[in-house]
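One structure is given here, and the rest of the page talks about it.
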Amino acid sequence: MNSLRPAALGPLCETDAVRKAQTTLALDLAATVHPQEVLTPTGPIPGRPAKPELIAHTLLKPQPLSTAKGRALLIHSVAHIELNAIDLALDAVWRFHGLPQDFYTDWMRIAQEEAKHFLLLREHLVSMGFDYGDFPAHNALWEMAERTQDDVLARIGIVPRTLEARGLDASPAVKNKLIGAGDHRAGEILDIILEEEIGHVAAGNHWYRYLCTQRGVDPIKHYAALIAQYQAPRLRPPFNMAARQLAGFCPEELAILMK
């Protein structure tokens, strides 16, 4: 019998980036979920390709978008985020037990959408004469995943609602830069990503509030405590307020951003 949560470990441990995305897309969302099962991985998590080289984010330097390499470097950075997002969603499925069935199907669906995003970006890179792994990348997203691995509330509170929500803010500017440089296909792909990422952040908001209710904590006060405890990056404007509203941030949360 197929079981959804152990199945997530296959692509999570996969070291080839394209196969990771493809095997994620092949997973059966209708598979049985066993929420109480405690799982043990058989390989390193996450599986990492030999390239790209992972370096500190402060060492990553953009290049002019007037050049094909400069545009490819920017698209590569987005593709790397999407690959990490596959791992983050799969990790939530296998790691955290005892949650409602919808939690697991939500994050598996999200993993599949992130896989689609990665493959779209990688295909575009190849069409430009480059490939995923050709440029260095950073590991900040997964570092936060490791810090929050023992607390599902912290993981959901910080990763989708903070780090991935930053993508909602950044997407319009990145799209405009690439279109301004003549890369209209990249703009089309970023439109697809933004529309679906709103849903991913919305899932984060839903499950964060669910978990806060289960633990009897105030969502807004607890969020501030999580940000301080885990030293999450401080959010800076500009904010995509329309996208954040669609993703389920409440008026009080949006007002805090503007202070």
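The values are calculated or read from the model by the stated rules, or taken from the named source; none is laboratory data. Computed from a predicted structure; not experimentally measured. Every residue, glycine among them, receives a Cβ derived from its backbone with ideal geometry; neighbour counts consider all protein chains shown. Protein only, heavy atoms only, side chains kept; ligands, DNA and RNA dropped before computing areas. Shrake-Rupley method; radii C 1.70, N 1.55, O 1.52, S 1.80 Å.
Before moving on, here are some points about what is shown:
- Modelled this way, with points 7 Å down the Cα-to-C-beta line, the labels at SER127 and HIS184 are 1.2 nm from one another.
- Sum of -39500 (n - 2.57) over DSSP H runs of 4+, divided by residues of the chain (222 nm, nearest 500): -20000 deg cm²/dmol
- Heavy-atom accessible surface of the chain: percent carbon and sulfur, 1.4 Å: 56
- Taking 7 Å steps out from each Cα toward its Cβ at ASN139 and GLN231 produces label points 1.6 nm apart.
- Mean separation of Cα contacts under 8 Å (6+ apart) over length of the chain, as relative contact order %: 19
- 3J(HN,Hα) couplings calculated from phi for segment 91-107 with the Karplus curve 6.51 cos²θ - 1.76 cosθ + 1.60 (θ = phi - 60°) are, in sequence order, 4, 5, 5, 7, 6, 9, 9, x, 9, x, 4, 4, 4, 6, 5, 4, 6 Hz; Gly and Pro show x.
- Of all lysines in the structure, those lying under 30 Å Cα to Cα from LYS175, and not within fewer than 8 positions of it along the same chain, are LYS20, LYS51, LYS61, LYS69, LYS116, LYS259.
- Shape category assigned to segment 95-169 from the gyration tensor of Cα positions, a/c cut at 1.5: prolate
- Among THR24, ALA202, ALA7 - extreme Cα towards positive end, dipole of the chain, charges at beta-carbon: ALA202
- Counting every pair of alpha carbons in the chain, the share spaced more than 33 Å apart comes to 17 percent.
- For the listed peptides 180-191, 87-98, a ranking on the average number of other beta carbons within 10 Å per residue, highest first, reads 87-98, 180-191.
- When each of the peptides 40-46, 162-168 is scored by how many other beta carbons lie within 10 Å of its residues on average, the order from highest to lowest is 162-168, 40-46.
- Ranking ALA173, THR105, ILE156 by how far each Cα lies toward the positive end of the dipole of the chain (charges on Cβ) leaves ALA173 at the top.
- Accessible area in square angstrom per residue, segment 146-217, 1.4 angstrom probe: 41
- Near-label residues of segment 19-55 by backbone N, under 19 Å of a point 7 Å along Cα→Cβ of THR105: 25-37
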